[in-house]
1. Whole-Hz ³J(HN,Hα) for each residue in region 120-133, computed from phi via Karplus 6.51 cos²θ - 1.76 cosθ + 1.60 with θ = phi - 60°, x for glycine and proline: what do you get?
2. Under a point spin-label approximation (7 Å from Cα along Cα-to-Cβ), what is the E127-E205 distance to one decimal in nm?
3. Check G126: other-chain or 5+ apart residues with amide H under 5 Å from its amide H, H built from backbone geometry?
4. Each residue of region 228-237 in order: what ³J(HN,Hα) in whole Hz does its phi give by Karplus 6.51 cos²θ - 1.76 cosθ + 1.60, θ = phi - 60°, with x for Gly and Pro?
5. Can you list, largest first and rounded to whole Å, the semi-axes you get for region 50-170 by taking the square root of 5 times each eigenvalue of its Cα gyration tensor?
6. So how far, in whole Å, is the C-alpha centre of region 123-163 from the one of region 1-78?
7. Where is the GNM fluctuation largest for the chain (alpha-carbon springs, 10 angstrom cutoff): G104, G202, G188?
8. Once you order the gyration tensor axes a ≥ b ≥ c over the Cα atoms, which shape class does the chain get: rounded for a/c under 1.5, otherwise prolate or oblate by comparing a/b with b/c?
Amino acid sequence: MNMTRVIKIGGNEMNKPGFLDELARQIAALQAAENEPLIVVHGGGQEIAALQARLGIEPVKVDGLRVTDAESLAVAQMVLSGHTNKAIVVALLAAGLDAVGFSGVDGGLLRCRRKSHPTADLGLVGEIVHVRATMLRHFIDHGILPVISPISLGEDGLTYNVNADEAAGAIAGALSAGVLDFVSNVPGVLQAGVIVRQLSSGQAEALIRDGIVTDGMIPKVRTALAAVGRGVPRVRIVDLAGLSSGGGTVFSG
């Protein structure tokens with residue numbers, strides 16, 4: 001069985017003091033314990049919003065969805081493929097891991113098309129149609145940990161911003177990864193304050209219908225279920241503390 005593990009890091013906690021150092025320690029612990037190939041995919045939404053504000057760029061939303069124009073894409077690319085990507089690589093190198101950072105544009109790693117929406121033009125937002133899996137395998141076969149920004153290359157030659165959760169799911173599916181971890185600021189799916197350790201897709205949808213899974217946890221759960229649908233056998237929502245200690249909620253078909 002392929003035990004490649006894809007770890008997706010959200011952007012919400014990236015600025016917290018000590019977060020990246022602790023993340024690197026957790027990933028190093030996983031590497032030492034299981035000696036499995038690892039790939040990190042990251043977001044960085046808060047930092048993008050903060051830089052846009054400093055530059056006086058007003059975020060535009062249509063139907064509650066963020067629109068990415070050329071100016072916003074330039075900021076997203078600076079933050080994700082520049083600052084955030086390299087900060088993660090630095091932390092991983094300091095923890096003794098051999099890490100290299102790049103974006104979905106480099107080598108045409110992530111190819112996408114413009115994402116369509118029934119009522120809105122989302123601008124330069126993409127959805128992945130192809131992952132150059134052989135490129136990633138080249139790195140992991142040589143013991144190198146890729147750190148990937150989800151900025152991707154369109155089939156039309158333009159650059160697009162892609163949701164980091166979707167990018168992680170596409171990469172895990174293309175590599176037939178054994179595990180996909182979504183590292184969040186919550187310890188997992190909670191029911192009456194207790195972490196639900198295991199959920200099938202049917203059980204997860206029932207929790208959404210019954211109002212137990214609500215608000216921001218709904219898209220997290222749906223993203224996890226989509227990854228299961230792509231054929232990833234073990235998908236987990238977990239917080240940093242539970243990453244290397246078997247915590248979180250595991251989803252299965």
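Since every read-out is calculated from the coordinates, none of them should be taken as a lab result. The structure displayed is predicted, hence computed values, not measured ones. Reconstructed Cβ throughout: ideal geometry from the backbone, glycine too, with neighbour counts over all protein chains shown.
1. With coefficients 6.51, -1.76 and 1.60, one gets 9, 9, 7, x, 8, 10, x, 10, 6, 10, 7, 10, 7, 5 Hz.
2. With each label placed 7 Å out from Cα toward Cβ, I get 1.8 nm.
3. The list, which skips near neighbours in sequence, is K115, N161, V162, N163.
4. 4, x, 7, x, 7, x, 9, 10, 9, 9
5. Working: eigenvalues 144, 68, 21 Å².
Over the Cα atoms of region 50-170, the semi-axes work out to 27, 18, 10 Å.
6. Region 123-163 and region 1-78 have Cα centres separated by 14 Å.
7. Result: G202 has the largest fluctuation of those listed.
8. Numbers: a/c = 1.38, a/b = 1.11, b/c = 1.25.
The shape class here is rounded.
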